[in-house]
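Okay, so here's the structure we're looking at.
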Amino acid sequence: MIRLTINGVPHVVDPMGPESLLTTLRDRLGLFGSKNACEQGECGSCSVLLDGRLVCSCLVMAVDADGAAVTTVEGIADGETLHRVQEAMVNAGGVQCGFCTPGIVVAASHLLATTPSPTETDIREALAGNICRCTGYGAIVRALEPLAAES
Amino acid sequence: MTITKTPTVVAGGVGTSPIRPDGIPKVRGEFAYSSDLEVDGMLWGSTVRSPHARARIVSIDVAPALAIRGVAAALTIADVGGRGLFGLIEPDQPVLADGEVRFWGEPVAVVAADDRETARIAATAVVVHYEPLDPLTDPERAEELGETFRVLDITRGDPDARGEVVVEGYYEVGMQDQAQLGTESGLAIPDGSGGVDLHVSTQWLHVDHEQVVASLGLPPEQLRLHLAGIGGAFGAREDISLQIHLCLLALRTGRPVKMVYDRAESFVGHVHRHPARMWFRHEADRDGILRRVEARILLDGGAFASTSPAVLANAAYFAVGPYASESVTVHAAAARTNNPPCGAMRGFGAVQSCFGYEAQMDRLAAALGIDPVELRLRNALDREDRIATTGQVIVGSLPTRRVIEALRALPLPDEAPGDDPRRLPGGTGLTTSRAAVMRGVGFAVGIKNLAFSEAFDDFTEVRAELTADGIRIHTAAAEVGQGLVTVIQQIARTATGISNVEVVWDHTGEIGSAGSTSASRQTQMTGGATLRACEAVAAVALARADAESLDDEGAWRDDQLVMTLADLVAAGPIEHLERFRHPPTTPPDEHGNGDVHAGYAVAAHRAIVDVDPELGLVHVVRVDTAQDVGRVLNPQAVIGQIEGGIMQGVGLAIMEEIVIDRGVMKNASFTDYLLPTFLDAPDMTAVLIEEPDHWGPFGAKGVGEPPTISSTAAVVAAIRNATGRDLNRAPVRPEDIVGL
Ligand code: FES
Ligand code: FES
């Protein structure tokens with residue numbers, strides 16, 4: 001049994017052996033926002049914050065997260081109010097199929113919270129671990145650049 | 001009723017970029033993809049796959065799998081009733097291997113168990129004895145042996161026509177993966193009376209339905225396919241993957257069954273872009289006018305037909321590109337080998353030949369001493385010209401010249417490579433000195449047909465309905481991420497004046513086929529059907545109210561609201577079912593000529609690259625484009641298709657290739673199959689050329705594929721320009737640049 005605080009809500013779960021945090025989130029807790037597109041740490045679709053650090057949840061063993069606070073994409077908005085990254089992604093056309101979107105929302109909101117005024121190249125570097133196959137990335141960068149200038 | 005106002009132009013109609021209705025659920029992580037579905041008591045399925053490219057199956061023993069606690073079923077071909085075969089064009093692929101495996105990764109058995117882990121373990125417990133056979137993996141050998149899915153010979157004009165200047169070249173394109181981010185997944189739920197509901201991410205619900213019922217021997221009404229949330233497609237979801245297996249397991253166990261491929265399985269679970277070997281000979285007169293083009297094109301179709309016959313047709317019909325020539329000979333073949341099956345991927349055959357003919361145009365320009373862009377302009381096709389291969393007269397728009405000129409007119413940035421290593425070849429791993437980085441520019445133009453060709457009965461059904469709240473559109477068309485759902489709403493708004501439009505995905509039992517979400521066809525096809533259905537609904541509503549216009553409140557005459565939408569509907573249902581077809585096409589005649597296509601789109605790309613000549617690494621700095629789009633219905637969505645499509649073209653140019661060694665895939669993971677990242681993405685500027693086409697709604701053309709067709713050729717041309725090397729193969733590998 002491990003204890004996780006996910007998006008502020010405490011949970012007690014019993015992951016199986018070497019199960020990843022991603023599997024625990026999805027298959028045991030029904031939190032389907034985090035996506036599984038590679039399970040190898042290559043695509044960033046499963047990105048979450050673990051005690052404030054950005055991680056690929058597919059690479060973290062659930063048991064190693066015992067006691068941690070986890071923020072998933074479901075915890076990024078403030079109730080009905082979208083996070084500015086979410087708002088900007090929708091408005092700028094940064095979302096097509098959306099499979100990469102949860103990971104990008106988590107990673108980009110983390111970037112803006114931790115890095116003052118990132119440049120375009122800083123944004124690209126920070127998100128280089130998030131693969132998007134649909135957009136060619138341009139619309140996502142256009143969504144984030146104005147926010148970076150504000151931050 | 002005394003409300004008075006002047007109805008205004010509807011918000012969110014055609015020509016605007018309203019936010020997508022699924023955008024907010026997607027950014028919140030609340031949008032349900034097919035991999036996110038679950039129901040109580042469901043089982044997990046898993047697939048046993050062949051470890052050999054070719055082998056005889058001596059025996060299959062499922063008993064060890066069934067002995068594991070929690071395993072509900074382990075099935076082989078012996079458990080399949082019905083035809084047992086599927087395939088988009090020819091049903092030639094067994095649902096589960098039948099006596100022989102023909103490619104590495106071919107499904108041999110399927111299991112279902114209480115949880116995912118147990119299902120995986122059970123799959124490894126199935127004992128299959130194979131007797132390995134020599135795989136046929138060389139497509140040239142396969143063609144010699146007559147192992148082909150289709151051979152297409154095209155001749156047009158005088159075969160003795162000659163030009164003064166002749167260039168010949170041999171070119172290759174590697175096998176590309178769609179790498180759609182959501183892997184194959186679905187959930188089959190038995191209905192308790194012998195039928196099943198399948199929720200799946202697919203590009204074409206009805207063709208899946210046809211294949212599942214035929215292969216399993218089900219009465220058609222016993223199967224209903226429902227569209228589930230789709231994480232990208234790009235051709236990967238046009239064929240059957242797990243649809244039949246899921247239904248088979250659900251019907252056998254009487255329990256819901258879910259399957260989700262992992263990435264490695266996804267690589268073998270869908271077809272890929274055909275690798276190509278191509279030879280071209282171009283002859284022109286001194287002015288650069290093409291006098292004769294000869295081409296031989298060989299595609300490796302892999303073990304099963306999939307869409308090889310149609311991909312081959314595109315490669316052959318577009319062997320000359322968007323250029324005129326009065327004398328053409330093309331021999332094209334799609335070989336049957338024991339390599340992984342190939343089929344649909346964005347660009348569908350047009351990508352491969354474009355890589356060849358555009359390299360040829362550059363060679364020809366060099367041989368003639370003519371500017372390569374100028375050479376293209378001199379040969380460019382336009383409305384009323386004939387396609388060089390088929391002889392078909394172009395009746396819709398084809399502004400090749402305008403596209404080329406618009407791209408040429410874009411300023412060419414002349415700044416040198418920057419200082420930030422993150423935007424240089426090799427990124428922070430750059431080892432060369434910045435001064436040694438070489439810059440090059442390349443230009444390429446591509447053409448493709450829109451919608452289905454060669455007399456295929458291509459149609460789409462849409463039902464539009466007036467409700468008390470607005471318009472409801474029923475469709476089975478797959479929204480794969482491209483934004484069709486938004487475009488349907490926009491068209492419905494503009495057609496009716498009513499802004500509140502809801503799109504409902506009907507299952508296969510409720511509405512007819514929408515056709516495939518492929519061939520750049522849905523904006524024109526489902527968009528076209530939506531326009532007609534909505535116009536019909538609006539006409540009935542206006543007649544009923546004797547009114548002049550509609551909006552979300554109701555029907556208006558002389559600035560007076562004469563009936564609300566609720567009143568209109570209360571007086572009887574107002575709806576219209578439209579079955580929309582594009583202009584008919586013909587099969588090719590014995591010379592490969594004929595009116596085989598319903599329309600065309602053309603695009604041009606200009607790439608700027610920086611190359612590290614020591615490590616052979618490339619950074620694509622810019623890819624600018626001009627694209628023939630007919631009419632822009634949603635600027636943001638068009639740009640999204642262009643940027644995403646160019647990125648896939650860049651990937652094929654410099655990094656994306658499935659490596660096959662004697663039939664075995666060597667890089668079936670995102671660690672080993674490289675995909676462009678945020679840092680790899682070039683800057684892009686797009687010019688949209690609007691010259692309305694003859695049958696799309698408001699003159700619109702599909703826009704999804706042209707960005708992927710000539711972008712690869714442009715990037716490789718730029719690398720040639722930077723390095724002076726011939727580079728006849730995409731993707732360009734570091735060793736090709738270094739010259740090892
Ligand atoms: S699923 Fe975790 S990085 Fe791809
Ligand atoms: S929107 Fe489809 S992968 Fe990014």
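Please treat every number below as a calculation from the coordinates, not as lab data. Source: prediction; values computed, not measured. So basically every Cβ, Gly included, is an ideal-geometry build from the backbone, and we count neighbours across all protein chains shown.
Within region B:136-233, which trypsin sites (Lys or Arg not before Pro) sit in a loop by DSSP and count at most 15 neighbouring Cβ atoms inside 10 Å? Present the calculation step by step, with values, prior to reporting the outcome.
Details: sites: B:ARG141, B:ARG150, B:ARG156, B:ARG162, B:ARG224; in loops: B:ARG162.
Passing sites in region B:136-233 are B:ARG162.
What do the square roots of 5 times the Cα gyration tensor eigenvalues come to for region B:221-263, in whole Å, largest first, as semi-axes of the equivalent ellipsoid? Don't jump to the answer; show the numbers that get you there.
Working: eigenvalues 88, 33, 19 Å².
Value: 21, 13, 10 Å, ordered largest first.
Evaluate the charge dipole of the protein assembly as shown about its Cα centre and quote only its size in Debye, nearest 20, assuming +1 on the Cβ of each Lys and Arg and -1 on the Cβ of each Asp and Glu.
Details: 72 positive and 117 negative charges, 125 e Å.
Computed charge dipole of the protein assembly as shown: roughly 600 debye.
Take the eigenvalues of the Cα gyration tensor for region B:368-527, scale each by 5, and report the square roots as semi-axes in whole Å, largest first. Spell out each step's value before the answer.
Numbers: eigenvalues 366, 137, 49 Å².
Ellipsoid semi-axes (Å, largest first): 43, 26, 16.
Tell me whether the protein assembly as shown comes out rounded, prolate or oblate; compute the Cα gyration tensor, take square roots of the eigenvalues as a ≥ b ≥ c, and use a/c under 1.5 as the rounded threshold.
Values: a/c = 1.24, a/b = 1.10, b/c = 1.13.
It comes out rounded by the Cα gyration axes.
For a quick check: with amide H placed at 1.01 Å from N, whose amide H comes under 5 Å from B:ALA344's, ignoring anything fewer than 5 positions away on the same chain?
B:THR307
Mind checking region B:290-397 for GluC sites (Glu not before Pro) that DSSP puts in a loop (not H, G, I, E or B) and that have at most 16 other Cβ atoms within 10 Å?
Values: sites: B:GLU294, B:GLU326, B:GLU358, B:GLU374, B:GLU384; in loops: B:GLU326, B:GLU384.
Qualifying residues, ordered by number: B:GLU326, B:GLU384.
Under a straight-distance cross-link criterion of Cα-Cα below 17 Å, which lysines are reachable from B:LYS701, leaving out those fewer than 8 residues away in the same chain?
B:LYS448
So which chymotrypsin sites (Phe, Trp or Tyr not before Pro) in region B:266-326 end up in coil per DSSP with only 11 or fewer other C-beta atoms within 10 Å?
Working: sites: B:PHE267, B:TRP279, B:PHE280, B:PHE304, B:TYR317, B:PHE318, B:TYR323; in loops: B:PHE304, B:PHE318.
The qualifying sites: there are none.
Which of A:ASN7, A:VAL70, A:VAL55 sits farthest toward the positive end of the charge dipole of region A:2-75, with +1 on the Cβ of Lys and Arg and -1 on the Cβ of Asp and Glu?
The Cα lying farthest towards the positive end belongs to A:ASN7.
For an R0 of 60 angstrom, estimate the FRET efficiency from the Cβ-Cβ distance between A:GLN40 and B:ASP567 and round to the nearest 0.05.
Numbers: r = 59 Å, r/R0 = 0.98.
Given R0 = 60 Å and the Cβ-Cβ separation, E is 0.55.
Calculated from DSSP H runs of 4 or more alone, at -39500 (n - 2.57) each and per residue, what is the 222 nm mean residue ellipticity of chain B, nearest 500? Walk me through the intermediate numbers first.
Working: 17 runs with 189 residues, N = 740.
Helix-only estimate at 222 nm: -8000 deg cm²/dmol.
Please order B:CYS342, A:CYS100 by the number of other Cβ within 10 Å, starting at the fewest.
Values: B:CYS342 30, A:CYS100 33.
In order of increasing Cβ crowding within 10 Å: B:CYS342, A:CYS100.
Quick one: net charge of B:THR76's neighbours, Cβ under 14 Å, K/R +1, D/E -1? Kindly include the intermediate steps, with their values, before the conclusion.
On the way: positive: B:ARG49, B:ARG252; negative: B:ASP61, B:ASP79, B:ASP98, B:GLU100, B:GLU106.
Once positives and negatives cancel, what remains is -3.
So for region A:2-75, Kirkwood radius off the Cα pairs, Stokes-Einstein at 37 °C and 0.692 mPa s: how many µm² s⁻¹? Could the numbers behind the result be given before it?
Numbers: Rh = 11.7 Å.
The diffusion coefficient I find is 280 µm²/s.
Report the local net charge at B:GLU294: Lys and Arg +1, Asp and Glu -1, summed over other residues whose C-beta lies under 10 Å from its C-beta. Provide the component values of the computation, followed by the final result.
Numbers: positive: B:ARG281, B:ARG292, B:ARG296; negative: B:GLU168, B:GLU283.
Charge balance near B:GLU294 sits at +1.
Cα to Cα, under 27 Å, and not fewer than 8 places away if on the same chain: which lysines meet these conditions relative to B:LYS666?
Within the straight-line limit of under 27 Å, B:LYS666 reaches these lysines: A:LYS35.
If the cut-off is 17 Å between C-alpha atoms, which aspartates and glutamates fall inside it for B:LYS26, apart from same-chain ones fewer than 8 positions away?
Hits, sequence-local ones excluded: A:GLU74, A:ASP78, A:GLU80, A:GLU87, B:ASP36, B:GLU479.
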